[in-house]
Every structure is written in C-alpha cells, then in structure tokens.
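*Asks:* Sharing a structure below in structure tokens format, with a few things to ask.
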Amino acid sequence: MSRVRLRCLAVALAVAMLAGCATGTGGGDPGASTPPTSTAPPGPATTSPLGGPTSQPPAVPDTLAFTAPTVGGGRFDAATLAGKPAVLWFWAAWCPRCRAKADNVKATHATHADKVNFVGVAGLGSGTGAMERFVADHGLAAFPHLADDDGVVWRRFGVTEQEFFVILDATGKVVHKGPLSDDELSQRVSSLAS
C-alpha cells in the first residue's frame, strides 16, 4: 500500500474512533451511560456551522403548494408566501368593480406590506395585454399578479366570480372567502398584521 493510502486509512480510522467516543459507543468507561438524544425537530431558529443563528424556512401548507405564471411573464411560487398571512385578490381586467377596488387594495397593501403578503390573481378572459394595462393603470406593481386566464388558481380556491378575496392566516388556513368592502378589507388585514 502506498504511503498516501496508509495515511488516509489512519486518518479515517482516527475519525471513526473519535466519532464512537463522542456518541458513547466505543472506548471510554463501559459502565457510563449515554445521555438521551432529542428526536424533536428543530425550532424556527437553529445554529449555523459558523455559530450564528439561521432561520428554518416555514413549512409550506397545501394551500400554498402551487406555481403560476405572472402578468409580467415570470413564474410565481406560492410557497414564498408561507409563514405570513396572505391576501389573494381575484380580479378581471374588464371588471368595473375590480377597477373601483384597486385603489383600496393598493393602499391596504402599502400599509401592511411588511406583515401581510398580497397577490393579485387576474383571470376570466382578461388577456395578457389587458392584465398588464390594469396593473400599470392602477399602480399595482408593488405586489405580484398572476395571469390565470385558464382559471387554475381560481378553481384551486373555489372562486367563481371576480372582485373576490381569499385571505389566509400565517399557517396557510383560509380565514375568509368572498367579496369585501373597503372598510372590511382594511379591518381584516389590520387584524392579521397585529
């Protein structure tokens, strides 16, 4: 055997022996007991190998296990919403009620953007060009808008009409489905943000 291989073998053997000592299996006092190890999953914060705290990503609930195209042509992964409340606003570009609601949705988002996620879900035959104009005309580019003319996300949440809200709490549980007045939207989002 070459010297390099012998050294590698010696190092591997030393590591194995040290690992056995660290776990209480091999070497040391045969009568000593090994402390029990925890089988609980780590909490929200753990320690990185460099000693600093790291955050575990929140678990993704089934309600947020989907992806969809965005009005801007990208791809949206709903898992990015996990861990914070979320407001899904279902709208159509041709809908007068949706146009009337846009300023309130924009203002409510601006007030609570740090604590509550907002996502627009456009559909019902709006068409990409009209969706883009709707977002631009109302200054709604501060949060993502999904291009869902095929109705995949609408069906996922059981939405059958436009100007409709689905509100999820921080665990991903649906806490509201339906239309909301301006005041009701502001109140519900304020309670989720506190």
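*Asks:* Just wondering, is there one or more residues in segment 164-171 that are crowded, with 21+ Cβ neighbours inside 10 Å, at pLDDT 95 or above and part of a helix (DSSP H, G or I)?
*Replies:* No, there is no match, as no residue in segment 164-171 is crowded, with 21+ Cβ neighbours inside 10 Å, at pLDDT 95 or above and part of a helix (DSSP H, G or I).
*Asks:* A further question follows. Filter segment 59-90 down to the residues that are in a loop (DSSP other than H, G, I, E, B) and among the basic types (Lys, Arg) and list them by number. So that I can check it myself, show each step before the final result.
*Replies:* Within segment 59-90, the first condition is being in a loop (DSSP other than H, G, I, E, B), and the residues that meet it are 59-61, 65-66, 71-74, 82-85.
Scanning segment 59-90 gives a single hit, Lys84.
*Asks:* Continuing with the same structure: Return the only residue of Val135, Val152, Val121, Val159 being in the same structural domain as Trp89 (by TED's automatic domain parsing), under 19 Å from Ala82 (Cβ atoms) and either surrounded by 14 or more Cβ atoms within 10 Å (Cβ to Cβ) or not β-branched (Val, Ile, Thr) (or both).
*Replies:* On the way: Val135 fails: under 19 Å from Ala82 (Cβ atoms); Val152 fails: under 19 Å from Ala82 (Cβ atoms); Val159 fails: under 19 Å from Ala82 (Cβ atoms).
Just a single option satisfies the conditions, and that option is Val121.
*Asks:* Looking at Ala40, Ala45, Ala107, which is the one that is modelled with pLDDT of 90 or more and not basic (Lys, Arg)?
*Replies:* Working: Ala40 fails: modelled with pLDDT of 90 or more; Ala45 fails: modelled with pLDDT of 90 or more.
Every option except Ala107 fails the conditions.
*Asks:* Kindly indicate whether Ala92 is free of Cβ contacts under 8 Å to residues at least 12 places away in the same chain, assigned by TED's automatic domain parsing to the domain that holds Arg188 and either aromatic (Phe, Trp, Tyr) or farther than 17 Å from Ser190 by Cα (or both).
*Replies:* Details: free of Cβ contacts under 8 Å to residues at least 12 places away in the same chain: no; assigned by TED's automatic domain parsing to the domain that holds Arg188: yes; either aromatic (Phe, Trp, Tyr) or farther than 17 Å from Ser190 by Cα (or both): yes.
Here the answer is no, as Ala92 does not meet what is asked.
*Asks:* For a quick check of your reading of the model, give me the residue pairs whose first member lies in segment 111-139 and is touching a residue at least 60 places away in the same chain (Cβ under 8 Å), whose second is part of a loop (DSSP other than H, G, I, E, B) and surrounded by fewer than 19 Cβ atoms within 10 Å (Cβ to Cβ), with beta-carbon atoms closer than 6 Å and at least 6 apart or on different chains.
*Replies:* Taking only residues 6 or more apart or on different chains, the pairs are Val135/Ala141.
The values are calculated or read from the model by the stated rules, or taken from the named source; none is laboratory data. Small disclaimer: the values here were computed from a predicted structure and weren't measured. Cβ: placed from backbone, ideal geometry, glycine included. Neighbour counts: every protein chain shown.
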